Amino acid sequence: MSGAPGFGRSLGLDTLVRLKRGGRRPVTGGDTRQLPMPEGMTAPLGCDAVAVPAGLGPLVVPRLPRVGCVYADSTHWWWIVPADSDYALTWPAPVHYSPGAPLPGTARLIHRPAGTVPYTPPIPLYLALCRVTGTTPEWSRPLNA
């Protein structure tokens, strides 16, 4: 039966996640643009953005082991993370997760890391944001039966 459709092939978790999210629309509205990658940088894992109110940005930076590309305007800071960094994870309010990393036209690059990869590690970013927002990380909350 190896020649029959659906037999002999398996899909990996990454493929299944991408198929599930295929219908997900990127965030739009206002004056948005696709993330401009800094010269010499590549995003081999795709990229999404984690947006936080500008007042929280400076509180998060010292809590991170590595800070990737960060864009900002007067109201928000955006951290670049690998695509699908929200899989099985609910980011704390008032954080906004943006698939495809659309940014407003007013956003400017305020931090560029050394090297060629633009990412901030998503789990340390998540934990830092939980800390500064006073949110218990999702995996530490009691299970509701």
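The values are calculated or read from the model by the stated rules, or taken from the named source; none is laboratory data. Source: prediction; values computed, not measured. All Cβ positions, glycine included, derive from the backbone under ideal geometry; neighbour counts span all protein chains shown. Calculation scope for accessible area: heavy atoms of the full protein, side chains included, ligands and nucleic acids excluded. Shrake-Rupley method; radii C 1.70, N 1.55, O 1.52, S 1.80 Å.
How many of the residues making up the range 44-62 are over 20 Å from residue 117 (Cβ atoms) and open to solvent by 10 Å² or more (accessible area, probe 1.4 Å)?
7
Evaluate the range 95-115: report whether one residue or more is under 22 Å from residue 135 (Cβ atoms), of a type outside the set (Lys, Arg) and open to solvent by 40 Å² or more (accessible area, probe 1.4 Å). Talk me through it step by step, then tell me what you get.
Here is the first cut: in the range 95-115, the residues under 22 Å from residue 135 (Cβ atoms) are 95-99.
Now restrict to residues that are of a type outside the set (Lys, Arg): 95-99.
In the following step, the residues that additionally are open to solvent by 40 Å² or more (accessible area, probe 1.4 Å) were identified as 96.
The answer is yes, given that some residue of the range 95-115 is under 22 Å from residue 135 (Cβ atoms), of a type outside the set (Lys, Arg) and open to solvent by 40 Å² or more (accessible area, probe 1.4 Å).
Since residue 15 meets every condition but one in (1) surrounded by fewer than 18 Cβ atoms within 10 Å (Cβ to Cβ); (2) out of contact with any helix residue (DSSP H, G or I) (no Cβ under 6 Å at 6 or more places or on another chain); (3) modelled with pLDDT of 95 or more, which condition does it not meet?
In the conditions (1) surrounded by fewer than 18 Cβ atoms within 10 Å (Cβ to Cβ); (2) out of contact with any helix residue (DSSP H, G or I) (no Cβ under 6 Å at 6 or more places or on another chain); (3) modelled with pLDDT of 95 or more, residue 15 misses (3) alone.
Select from the range 116-139 the residues that are assigned to a loop (DSSP other than H, G, I, E, B) and touching a residue at least 12 places away in the same chain (Cβ under 8 Å) and write down the one among them that is most open to solvent (accessible area, probe 1.4 Å).
Just the residues of the range 116-139 that are assigned to a loop (DSSP other than H, G, I, E, B), to begin with: 116-121, 134-137.
If we keep only those that are touching a residue at least 12 places away in the same chain (Cβ under 8 Å) too, we end up with 116-121, 135.
Numbers: 116: 76, 117: 53, 118: 1, 119: 20, 120: 0, 121: 42, 135: 40 Å².
If we take residues in the range 116-139 being assigned to a loop (DSSP other than H, G, I, E, B) and touching a residue at least 12 places away in the same chain (Cβ under 8 Å), then 116 is most open to solvent (accessible area, probe 1.4 Å).
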